[in-house]
Amino acid sequence: MLRDIISNDFYTIMLVIGLAIIATAKLTAPKRFNDFITVLGNSKYLKIYAREQKFFDKFDALLFTNLIISVSLFAFISYKFFTDSNILSPDTMFRISFGTCVFILIKVFIERLIGSLFEMDTMIDQYLFQKISYKNYLGLVLIPINAFLLFSFQPTLTFFYVIVILLLFVILIGLFTSFKAHQSLIKYNFFYFILYLCALEIAPCIILYKVIISN
């Protein structure tokens with residue numbers, strides 16, 4: 001099963017690239033990185049760096065690249081575990097990475113477009129920064145998880161459930177923080193908020209799931 005992956009240097013290289021990217025992000029902005037790793041329990045990072053964000057932020061770009069690599073590795077490992085398949089290849093890994101990257105970027109582009117159309121650019125930029133920060137944090141969390149799955153022990157179904165719960169917990173904290181920061185706006189536009197959740201949060205995930213299980 002997953003022990004076959006250990007003999008394949010490609011996945012080790014991908015894991016090392018992820019670690020190298022994180023190390024580069026820390027060297028590039030050590031203070032920001034230290035603030036970032038406490039983002040789950042401290043809103044300091046979100047308050048400070050949301051005001052300093054740029055259209056292209058090197059720090060966020062590095063963390064986002066790691067996110068794509070880490071999510072793709074975890075998706076690959078999970079698929080291999082649940083299907084007991086040995087036919088997956090590095091090409092499949094690249095396709096998973098590309099698909100994940102395109103999915104996230106298109107979603108961000110649509111949300112920015114909506115913000116521009118309704119003249120809510122500042123609020124949308126802050127909201128997207130919060131969401132992207134928590135997604136990038138997921139990439140950080142997945143590095144040790146992927147390492148354990150690849151090199152340490154034979155995973156069980158229970159272990160995968162624990163990992164999924166942990167990842168969902170991080171996502172929910174991010175959503176709660178974002179919604180809390182804009183609760184007054186949500187309260188007076190609750191109908192549009194529900195439409196947003198259905199159209200841009202729930203629907204894309206359902207479509208992605210359908211695409212995955214159809215292949």
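The values are calculated or read from the model by the stated rules, or taken from the named source; none is laboratory data. None of these values were measured; they are calculated from a predicted model. Glycine also receives a Cβ, built like all others from the backbone with ideal geometry; neighbour counts cover every protein chain displayed.
A compact table of results
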| quantity | calculated |
| --- | --- |
| Check on residue 59, modelled with pLDDT under 85 and assigned to a helix (DSSP H, G or I) | no |
| Residues of the stretch 137-173 classified as β-branched (Val, Ile, Thr), without any contact (Cβ under 8 Å) to a residue 12 or more places away in the chain and closer than 14 Å to residue 18 by Cβ, total | 0 |
| Those residues of the stretch 1-38 which are at pLDDT below 85 and not acidic (Asp, Glu), in sequence order | 1, 2, 3, 5, 6, 7, 8, 10, 11, 12 |
| Per-region count, the stretch 27-44, residues within 14 Å of residue 136 (Cβ to Cβ), in contact (Cβ under 8 Å) with a residue 12 or more places away in the chain and assigned to a loop (DSSP other than H, G, I, E, B) | 4 |
| Test result for residue 213, part of a helix (DSSP H, G or I), modelled with pLDDT under 80 and under 29 Å from residue 11 (Cβ atoms) | yes |
